[in-house]
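Trainee: What follows is a single structure, and I will ask about it in a moment.
The values are calculated or read from the model by the stated rules, or taken from the named source; none is laboratory data. None of these values were measured; they are calculated from a predicted model. In this analysis, Cβ positions are derived from the backbone assuming ideal geometry, glycine residues included, and neighbour counts consider all displayed protein chains. Side chains are part of the model used for accessible areas, which takes the heavy atoms of the whole protein and leaves out ligands, DNA and RNA. Shrake-Rupley method; radii C 1.70, N 1.55, O 1.52, S 1.80 Å.
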Amino acid sequence: MNDNIPKYVDNISKVDKFKRLIWRMASLFLFKPFSLPFFNFWRIFILKCFGAKIGKGSIVYSDVYIPSPWNLVIGIESCVGPEVKLHIGKTIIGNKVTISQRSYLCSATHETTSLNTPFVSGCIIIDDYSWIAAEVFIMTNITIGKGAIVGARAAVFKNVEPWTIVGGNPAKFIKKRIIK
């Protein structure tokens, strides 16, 4: 065995881990079982109790994976659809945004310039009037510009310009989004 192999350094605080454990237990009983649409007000209330900032008229489905609600900001009349997965980092969703089913907003990653690959928390910003279609992957520290559309199953590794439509893996410009 080689003694020169560096040990992994866990840089996630014990306080954060404890908060996430409490949230996981609470969500198991107070969030996830309330899946019918008329329980949306209850789900929003529970998320707000755990520090989420959510605007009026927004919808969050019960099977959304939210590991750290205190890092979640959602504007007014936005929707986080079924089976969407968020990560530990900050996620900021603007007004009138739709995040479609099974999308993954990966707001944290690992440092690749170290052999220990320590955890690095980041931020994803999805600006107003944007639509993230089904099964999209968005990497950490990405901004989706105002009014942009990310096509189904796209993988976004670079910022998306406002009022554009992108798709593919990696996501590439398809055309300008023109509102009539």
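Trainee: Which of the residues spanning the stretch 40-61 are open to solvent by 20 Å² or more (accessible area, probe 1.4 Å), in contact with a Pro (Cβ under 9 Å, 6 or more places away or on another chain) and of a type outside the set (Val, Ile, Thr)?
Mentor: Correct list: Lys48, Cys49, Phe50, Gly51, Tyr61.
Trainee: Output the number of the condition that Ile92 fails; it satisfies all remaining conditions of (1) part of a strand (DSSP E or B); (2) open to solvent by 70 Å² or more (accessible area, probe 1.4 Å).
Mentor: (2)
Trainee: Out of all the residues in the stretch 2-22, which are under 13 Å from Trp70 (Cβ atoms) and surrounded by 10 or more Cβ atoms within 10 Å (Cβ to Cβ)?
Mentor: Result: Asp16, Phe18, Lys19, Arg20, Ile22.
Trainee: Same structure, new question: Report whether or not Arg20 is touching a residue at least 24 places away in the same chain (Cβ under 8 Å), touching an Asp or Glu at 6+ places or on another chain (Cβ under 9 Å) and among the basic types (Lys, Arg). Even if it seems obvious, please write down each step before you answer.
Mentor: Numbers: touching a residue at least 24 places away in the same chain (Cβ under 8 Å): yes; touching an Asp or Glu at 6+ places or on another chain (Cβ under 9 Å): no; among the basic types (Lys, Arg): yes.
Here the answer is no, as Arg20 does not meet what is asked.
Trainee: Just give me the residues in the stretch 152-176 being in a loop (DSSP other than H, G, I, E, B) and surrounded by fewer than 19 Cβ atoms within 10 Å (Cβ to Cβ), in sequence order.
Mentor: Passing the criteria: Ala152, Arg153, Phe157, Lys158, Asn159, Glu161, Pro162, Trp163, Gly168, Asn169, Pro170.
Trainee: Can you report the number of residues in the stretch 95-129 which are assigned to a loop (DSSP other than H, G, I, E, B), of a type in the set (Ser, Thr, Tyr) and within 25 Å of Ile12 (Cα to Cα)?
Mentor: 6
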